[in-house]
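Okay, structure first, notes after.
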Amino acid sequence: MLFQIDPSNGVAIYDQVVRQVKFAVADGVIREGELAPSVRELARQLTINPNTVSRAYNQLQSDGVLETIRGTGLAVKKRAPAKCQKEREQLIADRLDGVLTEACRSGLPIDAVRSLVEQSLQKVASSLTQPGTPQSSEAQ
């Protein structure tokens with residue numbers, strides 16, 4: 001499982017962990033019933049404070065993504081993948097709405113915004129098909 005934390009992107013580190021776990025569940029990288037990495041293991045892997053991972057895991061439990069398996073750890077709950085897929089789509093839709101609203105309010109004509117979106121999609125699509133680039137199945 002490959003998570004990437006960016007302390008300078010303006011999103012709280014624990015929230016980045018929450019999002020990336022949800023994206024991993026949505027993509028099937030972590031499956032129903034599968035154990036999440038331990039707090040210490042993930043903290044060491046990401047070089048972040050274990051309290052931050054613990055906070056993220058608590059949020060994931062509150063959100064119905066993870067459940068405690070007594071004596072074992074935290075596992076992905078049944079039906080969590082569908083829930084995470086829906087949340088991922090909503091998060092992306094909200095972010096796109098914000099960007100598109102800003103673009104339109106800046107005075108750009110709709111056709112110019114559409115052209116920018118198409119150019120960006122082509123750029124992203126070509127970068128995903130090049131060898132050595134992260135694929136959609138990795139949590140980002």
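Do we find that residue 99 is in contact with a Phe, Trp or Tyr (Cβ under 8 Å, 6 or more places away or on another chain) and without any contact (Cβ under 8 Å) to a residue 40 or more places away in the chain in this structure? Criteria not met by residue 99.
Every test in (1) in contact with a Leu (Cβ under 9 Å, 6 or more places away or on another chain); (2) at pLDDT 95 or above; (3) surrounded by 12 or more Cβ atoms within 10 Å (Cβ to Cβ) is passed by residue 68 save one, and that test is (3).
Residue-by-condition table, conditions (1) modelled with pLDDT of 95 or more; (2) in the same structural domain as residue 88 (by TED's automatic domain parsing); (3) out of contact with any Asp or Glu (no Cβ under 7 Å at 6 or more places or on another chain); (4) in a loop (DSSP other than H, G, I, E, B):
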residue	(1), (2), (3), (4)
3	no, no, yes, yes
6	no, no, yes, yes
18	yes, no, yes, no
22	yes, no, no, no
37	no, no, yes, yes
53	yes, no, yes, no
56	yes, no, yes, no
59	yes, no, yes, no
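For region 123-134, does any single residue satisfy the condition of being modelled with pLDDT under 95, more than 25 Å from residue 8 (Cα to Cα) and outside any helix (DSSP H, G or I)? Checking region 123-134: at least one residue is modelled with pLDDT under 95, more than 25 Å from residue 8 (Cα to Cα) and outside any helix (DSSP H, G or I). Could you tell me whether residue 95 is in a helix (DSSP H, G or I) and under 17 Å from residue 13 (Cα atoms)? Judged against the criteria, residue 95 is not a match. Filtering region 77-96 to residues that are touching a residue at least 40 places away in the same chain (Cβ under 8 Å) and loosely packed, with under 13 Cβ neighbours inside 10 Å leaves 78, 79.
The values are calculated or read from the model by the stated rules, or taken from the named source; none is laboratory data. Computed from a predicted model, the values in this text were never measured in an experiment. Backbone-built Cβ (ideal geometry, glycine too); neighbour counts: all protein chains shown.
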